[in-house]
Each structure stands twice: as structure tokens, then as C-alpha cells.
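The values are calculated or read from the model by the stated rules, or taken from the named source; none is laboratory data. Computed from a prediction, not measured in an experiment: that's the story for all the values here. All Cβ positions, glycine included, derive from the backbone under ideal geometry; neighbour counts span all protein chains shown. Please note that ligands, DNA and RNA were not included when accessible areas were found on the heavy atoms of the full protein model with its side chains. Shrake-Rupley method; radii C 1.70, N 1.55, O 1.52, S 1.80 Å.
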Amino acid sequence: MNIIHLPIIDSTNDEAQRRISLNREATDDFVIRADFQTDGRGQRGNTWQSENAVNLMFSYVFHPKDLEVTDQFLLSQAASAAVAEYLNANNIPQVSVKWPNDIYSGMKKICGMLIENSVMGKYIRTSIIGIGINVNQRIFPENLPNPVSMANISHQVYNLDTEFESITAILHKHLAQISKDNRQMLKKEYTGHLLGLGKTLIYNAKGNIFKGVVKDVDDFGHITVENVSTGESQKYDFKEIELVIPEQNKLTE
Ligand code: BTN
């Protein structure tokens with residue numbers, strides 16, 4: 001696998017996209033890794049901030065075989081399960097997936113993902129799986145709601161090259177499992193890690209704050225949350241609901 005390790009770049013996802021555009025015929029997977037991003041991007045138009053050379057930031061460019069656009073949530077499931085397995089293997093406690101694909105330890109965010117797909121016909125042609133894992137950073141900016149790093153938890157200093165090799169190998173293994181045959185297994189693995197499954201936490205659905213219990217995430221990535229007060233369950237699309245982070249939720253743990 002071709003690994004491109006850059007000291008500084010705007011965003012590894014953007015660099016991956018530029019390289020894909022320059023070589024449209026290529027079908028080999030590759031990874032762009034950076035020590036520092038000047039314009040790191042997150043979900044919902046957020047930024048991703050990290051100190052220089054203390055955390056892992058990379059974009060894994062994956063060319064799935066015969067993956068239909070309607071099945072794109074399998075990519076989130078596989079990548080989330082991979083990071084969860086990696087953190088579990090490093091003895092990080094209470095690892096879970098906060099829908100759709102943030103990775104938490106307890107009620108704190110240890111990893112974020114930005115998956116950007118390009119489509120050809122009804123198939124996904126390339127998937128840029130951008131992953132930021134807080135590894136050695138000790139102190140975070142105050143504007144971040146609930147960050148945590150592996151070092152905050154374990155009080156160890158990690159070798160980033162070793163950790164990068166480990167996470168990319170696990171990710172490679174999980175991505176190879178993306179095929180229709182493994183759909184149930186991927187769903188089970190993802191749901192097994194899901195934060196809030198069967199547990200009352202506080203949600204915000206477009207300004208409506210309520211206590212809810214996650215019931216399920218379907219094959220398209222829509223989440224079903226039951227409102228504890230009304231007993232009604234509703235299905236939500238991306239951006240329609242979010243977990244209220246994290247202070248209020250400590251009350252319900
Ligand atoms: C989020 O939590 O909102 C997603 C954060 C994704 C951050 C990673 S870091 C590597 C890659 N490059 C980016 O610009 N973003 C992703």
C-alpha cells in the first residue's frame with residue numbers, strides 16, 4: 001500500500017481528493033498521512049484541530065468493489081468498528097461509537113471521521129476515509145466540547161509510526177469485509193459498539209431537547225431514537241439529531 005506522509009497540508013482529505021483527480025484511472029488504495037493540517041475538516045462543516053505531530057491524522061483512499069451508493073453506510077460501519085477494535089486492543093476503556101461515526105471513550109471524543117465518497121453510476125468509485133485520532137496530545141483548546149486522547153487516559157507516550165501501522169492494518173482488514181455477505185456481521189459489530197443503545201441519554205433534534213433511547217441504526221445509517229417521555233420512536237437522518245454533550249448526560253449515566 002502506498003503511504004504518503006506529509007509534514008504539513010491543508011487537509012489530508014483534500015490532498016487525497018486532489019491526487020484522485022490527477023489520476024482518475026487509478027484503482028490502487030493509498031493513504032495520505034499528515035503531521036499537521038492547516039485546514040483540518042470535520043463533519044457538519046466543523047474544523048478538526050490538532051497540535052503538530054502528536055496525533056494521527058490520515059485519509060485512507062479505498063476503492064470498493066461493486067459497492068452500491070445505497071450501501072455506503074457499510075463504509076462507516078467498517079471504519080468505526082476498525083477504530084473501536086484498535087482502541088480496545090490498546091486497552092482504552094469504554095470504547096463506543098457515537099452515531100454516525102465518532103469514537104468515544106466514556107463520554108469523551110477520542111476520534112473523529114470524515115468519509116467522503118465519489119460515485120460512478122450506482123456505485124461508489126472512491127471513498128476517502130479521513131480519520132483523526134487523539135493520541136499523544138495532553139491539552140486541548142477550550143472551545144472543544146469533550147476531547148480526550150489515548151495519552152490522557154493511559155498516561156503513556158505512543159510511537160505514532162507504530163500506532164499508524166496498527167490502525168491502518170486493522171482498517172484494511174475491516175474494509176476487506178465490505179461485501180454483501182458480511183452485511184449482517186458489519187451491522188452487528190457497529191451496533192454492538194453503539195453509544196446510547198438501550199440507555200437513556202439527552203438528545204437534541206432540531207431544537208427539541210429530550211431524553212431518548214437509541215433503538216437501532218438501519219442499513220442506510222438512519223437512527224431510531226425513542227422519546228422516553230412520549231414513548232414514541234422516530235427515525236432520524238444525519239444532521240437531524242445529536243447527542244447533547246456531555247455535561248448534562250453525566251446526570252443520566
Ligand atoms: C469530525 O469529528 O467531525 C470528523 C473529523 C475528521 C478529522 C480527520 S483528520 C484527517 C482527515 N482530514 C481532515 O481534514 N479531516 C479528517
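What do you reckon, is I129 within 11 Å of the ligand (Cβ to nearest atom), among the β-branched types (V, I, T) and open to solvent by less than 10 Å² (accessible area, probe 1.4 Å)? Yes: the conditions hold for I129. Scanning the stretch 49-64 for residues that are touching a strand residue (DSSP E or B) at 6+ places or on another chain (Cβ under 7 Å) and surrounded by fewer than 21 Cβ atoms within 10 Å (Cβ to Cβ) returns N52, A53, H63. Which residues, counting only those in the stretch 195-225, are farther than 26 Å from H63 by Cα and of a type in the set (A, V, I, L, M, F, W, C)? Hits for the stretch 195-225 are L195, L197, L201, I202, A205, I209, F210, V213, V214, I223, V225. In summary, helices (runs of 4 or more DSSP H) completely within the stretch 71-190 and bearing 3 or more residues that are of a type outside the set (A, V, I, L, M) occur at 73-89, 160-176. Across the stretch 1-36, the qualifying residues are those that are of a type in the set (D, E) and surrounded by fewer than 12 Cβ atoms within 10 Å (Cβ to Cβ), and the one among them that is farthest from the ligand (Cβ to nearest atom) is E25.
For the stretch 1-51, name all the residues that are small (G, A, S) and not in a helix (DSSP H, G or I). S11, A26, A34, G40, G42, S50 - these are the residues of the stretch 1-51 that are small (G, A, S) and not in a helix (DSSP H, G or I). Filter the stretch 132-159 down to residues that are among the hydroxyl-bearing types (S, T, Y) and under 19 Å from F36 (Cβ atoms) and give me whichever is surrounded by the fewest Cβ atoms within 10 Å (Cβ to Cβ). Only one residue fits best here, namely Y158.
Conditions (1) open to solvent by less than 60 Å² (accessible area, probe 1.4 Å); (2) near the ligand (Cβ under 9 Å from one of its atoms); (3) closer than 25 Å to P7 by Cα; (4) at pLDDT 95 or above, marked per residue:
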residue	(1), (2), (3), (4)
T38	no, no, yes, yes
T47	no, yes, yes, yes
L75	yes, no, no, yes
A84	yes, no, no, yes
N88	no, no, no, yes
K98	yes, no, no, yes
I124	yes, no, no, yes
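Are any residues in the stretch 103-120 out of contact with any helix residue (DSSP H, G or I) (no Cβ under 8 Å at 6 or more places or on another chain) and within 8 Å of the ligand (Cβ to nearest atom), and if so, which ones? Once the filter is applied, which keeps residues that are out of contact with any helix residue (DSSP H, G or I) (no Cβ under 8 Å at 6 or more places or on another chain) and within 8 Å of the ligand (Cβ to nearest atom), the stretch 103-120 yields only K109.
Collect the residues in the stretch 146-167 that are in contact (Cβ under 8 Å) with a residue 60 or more places away in the chain and out of contact with any helix residue (DSSP H, G or I) (no Cβ under 9 Å at 6 or more places or on another chain), keeping them in residue-number order. Answer for the stretch 146-167, where residues must be in contact (Cβ under 8 Å) with a residue 60 or more places away in the chain and out of contact with any helix residue (DSSP H, G or I) (no Cβ under 9 Å at 6 or more places or on another chain): S149, I153, S154, L160, F164.
When the stretch 168-211 is limited to residues that are free of Cβ contacts under 8 Å to residues at least 24 places away in the same chain and surrounded by 15 or more Cβ atoms within 10 Å (Cβ to Cβ), the one that is farthest from W99 (Cα to Cα) turns out to be N182.
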